[in-house]
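Trainee: Just passing along the structure, written as structure tokens.
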Amino acid sequence: MSRMKKFRLFGRTRQLEGQIDDFLDKLSESTVMFRLGVRTYLNEGANGEFEQKLMAVNALESDADTLRRNIEKELYTHTLIPDARGDVLGLIETLDHVMNLFEGVLWAISIEKPDIPEEFTPGFKKLTDMVVQAADALVLAARAFFRTPHAVAGHNHKVIIYEKEADKISTRLKRDIFGSDLDLAHKMHLRNFVEQIDNVADWAEDVADRLAIYAIKRTV
């Protein structure tokens, strides 16, 4: 049945399939650049290398926006996959927001330049790593949706695991921050960045929940 669904989804246009693959590639690349950008800032501050990673994510998000618009146009102007069009559009739009969140965090760091004491650096690194793993698992789930929808559940399960671990790390990190001797304004500034990073994993879980429903519709 799943093979029949696959034919129905992409049997009429390889161009659309290629655009969606390119879109998911952009998201996958953005997870790498985001992780490197945060790590560079934690290790070296807002130097030229950090700005390069920010610009890379910015360019990837811009390219992804163009692909998203082209995918939408392709779906509607050629009346493609009408039975799954809404699900595909909803998935692409919510995945695009993941890149928006990556870009937003890096821009906030570039503008605000938070003073992160060395004692909290490991926590920020662990949180970033867990968030990126959640996003990477989501990309795999999205790819599976278009090819092997029965495999979506396995990737989604990993998204959920990584999101829960990110929550644990962010809670512990915030407890440590507010238990420190920093002044209140500094604590609140750091908390804001913890929550911004953790929000990426929260959003990834939300997208995974939607994707699970889309996948079920394709396999029944």
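We did not get these values from a lab; they are worked out from the coordinates using the rules stated. Nothing here was measured: the structure is a model prediction, and the numbers come from that model. Please note: Cβ atoms are built from the backbone with ideal geometry, for glycine as well, and neighbour counts cover all protein chains shown.
Trainee: Using 32 Å as the Cα-Cα cut-off, could you pick out the over-long pairs in K174/K217; K73/K168; K125/K217; K164/K217; K113/K164?
Mentor: K174/K217; K73/K168; K125/K217
Trainee: Using 7 Å Cα-to-Cβ label points, what is the M55/S110 separation (nm, one decimal)?
Mentor: Output for this residue pair reads 0.9 nm.
Trainee: For a protection proxy built on the mean count of beta-carbon atoms within 10 angstrom, sort 94-107, 61-74 highest first, please.
Mentor: Answer by packing, highest mean first, reads 94-107, 61-74.
Trainee: Under a point spin-label approximation (7 Å from Cα along Cα-to-Cβ), what is the K164-K73 distance to one decimal in nm?
Mentor: 4.4 nm
Trainee: Follow-up. How tilted is helix 85-112 with respect to the longest principal axis of the chain? Cα atoms for both, answer in degrees (0 to 90, nearest 10).
Mentor: 20 degrees
Trainee: Another question, then. The list (i) 18.2; (ii) 21.6; (iii) 17.6 gives values of Kirkwood radius over Cα pairs in Å, and only one came from this structure; which label was calculated from it?
Mentor: (i)
Trainee: Label L89 and L182 with points 7 Å out from Cα along Cα→Cβ: what is the distance between them in nm?
Mentor: A separation of 4.3 nm, rounded to one decimal place.
Trainee: Please find the FRET efficiency linking N192 to R14, where r is the Cβ-Cβ separation and R0 is fixed at 41 Å, and quote it to the nearest 0.05.
Mentor: Rounded to the nearest 0.05, the efficiency is 0.40.
Trainee: Right, next: Hey, got the dipole for the stretch 2-219? About the Cα centre, +1 on K and R Cβ, -1 on D and E Cβ, debye to the nearest 20?
Mentor: The calculation lands at about 1220 debye.
Trainee: On to the next question. Residues of the stretch 177-220 with the amide nitrogen closer than 19 Å to a label point 7 Å from the Cα of T171, along Cα-to-Cβ, please.
Mentor: 177-180, 191-206
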